[in-house]
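Here's the structure we're looking at; comments come further down.
The values are calculated or read from the model by the stated rules, or taken from the named source; none is laboratory data. Note that the coordinates shown come from a computational prediction; the quantities given were computed from them, not determined experimentally. Neighbour counts are summed over all protein chains in view; Cβ atoms, including those assigned to glycine, are modelled from backbone coordinates with ideal geometry.
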Amino acid sequence: MKQKLVLYLTLIVALLLIGQTAVFGATLYDFESGTQGWTTSVWPGDHYMTAVAQSTPPQPAHGGTYSLKGTITILIAKKSGQALVDPVSPLDLTGQLLTAFAYAPTGMGGTLSAPNGFSLFVKTGAGWVWADNGWNNIGPANENTWMQLNLNMTGIANANDVREIGVKFGAAGGMVGTLSGNVYVDDVQAIPEPARMLLLGSGLVGLFGFATRKKS
């Protein structure tokens, strides 16, 4: 009886820990309730995303009904616009994978030789230090597709003090004329590092093994 009780308790603890893991990997922003504090950049040179708003169906959404819509008006090649949020309280994303999904409709991806692109970025610490995941080309092939942008927070200074999260959209150097339209962002998530998940799994296996030995 005691052995069965230990086994049941082990399973309960496992379920609770799995629940905690789900929280750690929860979506930070899904835009189902509005813009959730996201806005456009006010820094010089980044004013080419003129507005953000909650999308309106049937505009694209990744995980639910709504996404964040950014309105773009770019007049000069190599310019960009940003959608970003300053969390109410700094976020601790130490060792986690920050992900976001971005969408460019037809005409917003650029050309094969001069693709436009997205970048996922953060600003950390009291100095608001910039870090990003590089440039992710769109091009015609990735138009009308949700692109997953990944930023590994491991090794980023002050990852325990994230002051800003954002997605930048930029026009290629070969752009000619005015680029106007909308782009979309959705399902910004923080996912635990594999090592943490492995440690959790090892602990659960150990608890189960202990219970099994007690039973025998």
Handout entry: Every pair of residues 6+ apart whose Cβ atoms lie under 9 Å, when the first sits in the stretch 85-102 and is more than 18 Å from Ile156 (Cα to Cα) while the second is assigned to a loop (DSSP other than H, G, I, E, B) and at pLDDT below 95
Key = Phe101/Gly63
Practice task
Enumerate the pairs (first residue in the stretch 171-191 and under 14 Å from Trp146 (Cβ atoms) and at pLDDT 95 or above; second residue anywhere and assigned to a loop (DSSP other than H, G, I, E, B) and among the hydroxyl-bearing types (Ser, Thr, Tyr)) with beta-carbon separation below 9 Å, excluding pairs fewer than 6 apart on the same chain, so at least 6 apart or on different chains.
Solution key: Tyr184/Ser55; Tyr184/Ser67; Val185/Ser67; Asp186/Ser55; Asp186/Tyr66; Asp186/Ser67; Asp187/Ser67
Fill in the blank from the handout: How many residues of the stretch 28-45 are touching a residue at least 40 places away in the same chain (Cβ under 8 Å) and not in a strand (DSSP E or B)? The answer is 6
Problem - Filter pass, Asp132 being in the same structural domain as Gly95 (by TED's automatic domain parsing), acidic (Asp, Glu) and on the phi > 0 side of the Ramachandran plot - result: no
Practice task
Could you list all residues from the stretch 60-82 that are of a type outside the set (Lys, Arg) and either over 11 Å from Asp186 (Cβ atoms) or touching a Leu at 6+ places or on another chain (Cβ under 6 Å) (or both)?
Solution key: Gly70, Thr71, Ile72, Thr73, Ile74, Leu75, Ile76, Ala77, Ser80, Gly81, Gln82
Handout entry: Pick from the stretch 25-38, criterion touching a strand residue (DSSP E or B) at 6+ places or on another chain (Cβ under 8 Å) and loosely packed, with under 14 Cβ neighbours inside 10 Å, ranking: modelled with the lowest pLDDT
Key = Ala26
Exercise for the section: Kindly provide the set of residues from the stretch 63-94 that are at pLDDT 95 or above and buried (at least 20 other Cβ atoms within 10 Å of the Cβ), ordered by number. Expected result: Tyr66, Ser67, Leu68, Lys69, Gly70, Leu91, Leu93
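Where residues in the stretch 80-116 are outside any strand (DSSP E or B) and among the polar types (S, T, N, Q), which of them is farthest from Asn142 (Cα to Cα)?
So, considering only residues that are outside any strand (DSSP E or B) and among the polar types (S, T, N, Q), the one farthest from Asn142 (Cα to Cα) is Ser89.
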